[in-house]
1. HN-Hα J couplings of region 17-23 from phi, Karplus 6.51/-1.76/1.60, θ = phi - 60°, integer Hz, Gly and Pro as x?
2. Please express the Cα-Cα pair-distance distribution P(r) of region 28-122 as a list of whole percents, one per 5 Å bin, running from 0 to the bin with the greatest distance.
3. Tell me, what is the percent relative contact order of region 38-165, built from C-alpha pairs under 8 Å that lie six or more residues apart?
4. Once phi is turned into θ = phi - 60°, what whole-Hz ³J(HN,Hα) does the Karplus curve with 6.51, -1.76 and 1.60 give for every residue of region 102-111, x standing for Gly and Pro?
5. Show me, bin by bin at 5 Å from 0, the whole-percent P(r) of region 88-132 based on Cα pairs.
6. Hey, if we sort Arg55, Arg35, Arg41 by accessible area with the 1.4 Å probe, largest down, what's the order?
7. Straight-line reach from Lys87: which lysines have a Cα under 22 Å away, not including same-chain ones fewer than 8 places off?
8. Measure off, as a whole percent, the carbon and sulfur share of the 1.4 Å-probe accessible area of the chain, all protein chains present.
Amino acid sequence: MCGRFSQYRTAIEYLEALRYDKPIDSAIDPEPIGRYNVPPRSRVLVFFETASGLRMAKLPWGYQPWWAKGKRPPAINARVETASTSKFFRDVWRTGRMLVGADGWFEWVKDPVDPKKKQAYYIRLSSGEPMWFAALGQFRREDRMEEQEGDGFVIITADSDQRMLDIHDRRPVVLPPDLAREWIEPGISPERAEELVSNLALPVQAFEWHAVGRAVGNVRNEGAHLIEQIDDPPP
């Protein structure tokens, strides 16, 4: 986790869910994003704060520091247990805290008899509200809107627990709106940032999930039908 998620609402709906009351330093597209099957390496709408206010940008889902290029593919996730101390994420931990507005994410459960068979599940907030993934990324902020080489982001993940372990042993760190706003404050200390994502994320009890069809397994497939519940998953 996390290897696929949905981001289908409008930017305005995500902003309303964030309850952000400072200036918005970006143009706001009124059209729905309409992405129900977001894969790694694609460009995703992210939210971060600058001295001028909240800024939005579309960044590639994947990040690696300059010195790691060519050694392995860009990372798409960062483990909360090591993100603050890892050499790989050390710089962006201090300067690149971001949020990803999302509506849910997907996990695949292997068949215990035949591991080649997998059942996809869609996980969302029980309230039906948008959620906020804590993320880290590279994007130079000083009076600049355009993307540069090396820009990108990762989603922070933590251990699952309780019933969600039946779906996957890892899950994205999802912050409630007040803590999501704090996560992206430029002046927050690294210690407080670590406390937010390590101890104060939404618990498993805040989520629900259901089985979905196989079509989501193909990144070329798109549409609202991908997150619809199927009542009788195939064996």
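The values are calculated or read from the model by the stated rules, or taken from the named source; none is laboratory data. These numbers come from a predicted model, not from an experiment. Don't worry about glycine lacking a Cβ; one is built from the backbone with ideal geometry, like all the others, and counts go over all protein chains shown. The area values use the complete protein model at the heavy-atom level, side chains included, leaving out ligands, DNA and RNA. Shrake-Rupley method; radii C 1.70, N 1.55, O 1.52, S 1.80 Å.
1. 5, 6, 6, 7, 10, 9, x
2. Histogramming region 28-122 at 5 Å steps yields 2, 9, 16, 19, 18, 15, 11, 6, 2, 1, 0, 0 percent.
3. Relative contact order comes out at 28 percent.
4. Listing the rounded values in order: 9, 10, x, 9, 10, 9, 10, 9, 6, 5 Hz.
5. Once binned at 5 Å, the Cα pair distances of region 88-132 give 5, 17, 14, 12, 13, 15, 15, 6, 3, 0.
6. Per-residue accessible area, sorted high to low, gives Arg41, Arg35, Arg55.
7. Within reach: Lys69, Lys71.
8. Summing carbon and sulfur atoms, their accessible area is 49 percent of the total for the chain.
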